[in-house]
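Peer 1: This is the structure, below, for whatever I ask next.
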Amino acid sequence: MTDVSVVIVSYNVRADLERCLASLHNPAPTSTHEIIVVDNASADDSASAARHWPTVRVLESPANLGFAAANNLGIRQSVGRNLLLLNSDTIVPAGAIDQLLTKLERDVDAAAIGPRLIDTAGQAELSFGPMITPLSELRQRRLMRGLERGDPAIRAQVEAMTRQDQSPDWVSGACLLVRRADAEAVGLLDERYFMYTEDVDFCAALRARGRRIVFTPSVEIVHLRGRSAETAPAATRAAYRRSHVAFYQKHHPALAPILSLYNWLRPL
């Protein structure tokens, strides 16, 4: 059986997709693998660009399905015993996928593992965290905004946090390796989330079965962050709000009306 199926969802980021695919081929993982690109009805000929690599299978959606549904489409067409959900705006260094596979296979209690995500300058991204609650969101946003401002104290804090092996509640869907058996046991990703929070929800479902989520700092992936979102910022903000409310409706139903009212009072 194929060791890993790499599923990449792409939307109007042809240059990033080409860069990502090039990194997966130069050199390719030594583990047996397949690469599936799910193109979400891009208008920039991304699908044709992906076919430059004969080893890449391209699935073209007639409409933009969103992140969760497009990943599920790719997963259902895949054969690997492990699944790597990988953003098109990532660059994968040599050996990274093989290292992730080795770490996951050695930890029998773990369902999924995520690497340390960095930008092109080597600055760490906060790519894991506690379950979403109002309080945890405030803490996470403080750190994210500090990173965006280049706050040296926040950067040092995130640097220290991302240098430790740990078992958080979730790891980022930008690069998430999961055992197929675990993914199928929870019904794959919840398609009510068009974009954002689907990775937190997916990890929550895995943990609900008594399985662990793992973050490892010893494997690094470059993440250029939010490139698809930049092509349609207003639509992206609206999609985030819908997914955010859907998450609260599912996990914190008593708070969902308050969040909906807050969004209504705050223009996009």
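The values are calculated or read from the model by the stated rules, or taken from the named source; none is laboratory data. Source: prediction; values computed, not measured. So basically every Cβ, Gly included, is an ideal-geometry build from the backbone, and we count neighbours across all protein chains shown. For accessibility, only protein heavy atoms count, side chains too; no ligands or nucleic acids. Shrake-Rupley method; radii C 1.70, N 1.55, O 1.52, S 1.80 Å.
Peer 1: With a 1.4 Å probe and all protein chains left in place, how much of the accessible area of the chain comes from carbon and sulfur atoms, in whole percent? Don't jump to the answer; show the numbers that get you there.
Peer 2: Working: 6660 of 12110 Å².
Carbon and sulfur together cover 55 percent of it.
Peer 1: In a shell of Cβ-Cβ distance under 11 Å around residue 101, excluding residue 101 itself, what net charge do Lys and Arg (+1) and Asp and Glu (-1) give? Spell out each step's value before the answer.
Peer 2: On the way: positive: 81, 103, 106, 179; negative: 3, 98, 105.
Spelling it out: positives minus negatives among the neighbours equals +1.
Peer 1: A further question follows. Could you tell me, in Å, what Rg and Dmax come out for the Cα atoms of region 100-153?
Peer 2: My reading of the Cα-based Rg and Dmax gives 14.4, 39 Å.
Peer 1: While we're looking at this one, here's another question. Out of the DSSP beta bridges found with both residues in the chain, what percent are antiparallel (nearest 5)? Each step should come with its number before you reach the end.
Peer 2: Details: 13 of 38 bridges.
If we restrict to bridges inside the chain, about 35 percent are antiparallel.
Peer 1: So, one more: With the other protein chains left in place, how much accessible area per residue, in square angstrom, belongs to the chain at a 1.4 angstrom probe?
Peer 2: Using a 1.4 Å probe on heavy atoms only, each residue of the chain averages 45 Å².
Peer 1: Next question, about the same structure. Compute the relative contact order of the chain as a whole-number percentage, counting only Cα pairs closer than 8 Å that sit 6 or more residues apart in sequence.
Peer 2: Numbers: 497 pairs, mean separation 60.4, N = 268.
Result for the chain is 23 percent.
Peer 1: Using a Gaussian network for the chain with springs between C-alpha atoms less than 10 Å apart, which of these wobbles most: 207, 139, 57?
Peer 2: Its mean-square fluctuation being the largest, the pick is 139.
Peer 1: Taking the Cβ of residue 202 as the centre, find all other residues whose Cβ is under 13 Å away and add up their charges (Lys, Arg: +1; Asp, Glu: -1). Show your work: numbers first, answer last.
Peer 2: Values: positive: 179, 192, 207, 209, 211, 250; negative: 169, 182, 184, 190, 191, 198, 199, 201.
Residues close to residue 202 contribute a combined charge of -2.
Peer 1: Measuring from centroid to centroid over Cα atoms, what is the spacing of region 130-186 and region 193-212 in Å?
Peer 2: That distance is 13 Å.
Peer 1: Under a Cβ-Cβ cut-off of 10 Å, what is the net charge of the residues other than residue 69 that fall near it, where Lys and Arg count +1 and Asp and Glu count -1? Please list the in-between numbers first.
Peer 2: Numbers: positive: 192; negative: 190, 191, 198.
Every neighbour counted, the sum reads -2.
Peer 1: How large is the helix-only mean residue ellipticity at 222 nm for the chain, computed as the sum of -39500 (n - 2.57) over DSSP H runs with n ≥ 4, divided by its residue count, in deg cm²/dmol to the nearest 500? Can you show the working numbers first?
Peer 2: Values: 11 runs with 114 residues, N = 268.
Per the formula, -12500 deg cm²/dmol.
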